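Novice: Next up is a structure, given as structure tokens.
Only the coordinates and a few stated rules stand behind these numbers; no lab work does. Not measured: the values here are computed from a predicted model. Neighbour counts run over all protein chains shown; Cβ positions are idealised from the backbone, glycine included.
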Amino acid sequence: MNETVEKINQLKKQKNAVILAHNYQLPEVQDIADYLGDSLDLSMRAKNTDADIIVFCGVHFMAETAYILSKKLVLLPDITSGCPLADMITKNDVLELKKKYPGVPIVGYINTSAEVKSEIDYCCTSANAVEIVSKIPSDKVIFVPDKYLGSFVKRKVKDKEIILWDGYCPTHLKILDEDIKKLKKKYPLAKVVVHPECNLAVQELADEVCGTSGMIKYVKNNPQVKTFIIGTEVGMCYRLKKLFPEQEFIPASELAVCPNMKKNTLGKILFSLEEEQPQVVVDEEILKKAYKCIERMYTLMGIQ
Ligand code: 13P
């Protein structure tokens, strides 16, 4: 075993730490994680962990969510791993929306800052956005910040008026409809599975549109399919190949690399465990309000 990995494992035991990693992390980071998952899975792992320290291998809003739910010591190995989509809406933008649409509930993708979560009504992830929006007791809702996920929800939840925000994920927009068309020609028997953060032309060419945990379920339910074209961040193909070694996973675009997700390296993970830095904390007042918005998501899902 590599010396860095050995030291990480020793420190993890010694300090009662757990490593949570998102499906988009580097292969070597995925390999050492205690739990790998999508943003919803990881939030629940953080909420229910017995560990004293959470090393969160993902991006900043995910580590903030882990802190809000666990109040444990949360380390983000590279503190600069942000999310341009989350940065596309601020607390002031939300306050303006509230003035413009008084009384209309605001649903925010988990890809938002804790400050934004503290001002919105409900949280959701790509795995449950349709469920959450359809269960909100209002016939009009505002969905922020991803307009493509919001449009996907709009197509599924026909009985509500959904107001969208103009945000997007630059990494998912690297995937083009031409990429899918080319790959479909090359692999005519392949199934196309894409993330709802992809643009609408890409979504229209897909056999399935779902978040990363939905992709795992889709492949599991289709053992007869040998090849899948995967329209999301490239790290997901490594995750799928490890779970389903007999099947083939082709990234829809090699350019769909999230530079922030790739910032957490083994070296930085070791450093963060040694030094117990960099820590992610959320101001107590913001935390209380943001917790409520995440809790409302779990309540609508029937989770305590
Ligand atoms: P999920 O973790 O919900 O699958 O989505 C990942 C993502 O695209 C984060 O930006």
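Novice: Pick out which of Lys71, Lys154, Lys15 has the largest mean-square fluctuation in a Gaussian network model of the chain, springs linking Cα atoms closer than 10 Å.
Specialist: In this elastic network of the chain, the residue with the biggest mean-square fluctuation among Lys71, Lys154, Lys15 is Lys15.
Novice: Under the Karplus relation 6.51 cos²θ - 1.76 cosθ + 1.60, θ = phi - 60°, what is the ordered set of whole-Hz ³J(HN,Hα) values for the range 141-156, x standing for Gly and Pro?
Specialist: Using θ = phi - 60°, the values come out as 9, 10, 10, 10, x, 8, 6, 7, 4, x, 5, 4, 4, 4, 5, 8 Hz.
Novice: Hey, another quick one. With charges only on Cβ, +1 for K and R and -1 for D and E, what is the dipole size of the chain about its Cα centre, in debye, rounded to 20?
Specialist: It comes to approximately 780 debye.
Novice: My understanding is that a pair violates if its Cα-Cα distance is over 32 Å; which of Lys98/Lys217; Lys7/Lys226; Lys158/Lys289 do that in this structure?
Specialist: Lys98/Lys217; Lys7/Lys226
Novice: For the chain, set up a GNM with springs between Cα atoms under 10 Å and report which of Phe56, Phe143, Phe152 has the largest fluctuation.
Specialist: Phe152
Novice: Going toward the positive end of the dipole of the chain, with +1 on Lys and Arg Cβ and -1 on Asp and Glu Cβ, which of Tyr109, Ile180, Asn2 do you reach last?
Specialist: Going by the charge dipole, the pick is Ile180.
Novice: With springs connecting C-alpha atoms under 10 Å apart, model the chain as a Gaussian network and identify which of Leu255, Leu42, Leu20 has the largest mean-square fluctuation.
Specialist: Leu255
Novice: Let me ask you something else. Could you tell me the relative contact order of the range 194-242? Use alpha-carbon pairs under 8 Å, at least six residues apart, and round to a whole percent.
Specialist: Worked out over the range 194-242, it gives 37 percent.
Novice: Next question. Please give the calculated 222 nm ellipticity per residue for the chain, where each DSSP H segment of at least 4 residues contributes -39500 (n - 2.57) and the sum is spread over every residue; nearest 500 deg cm²/dmol?
Specialist: -12500 deg cm²/dmol
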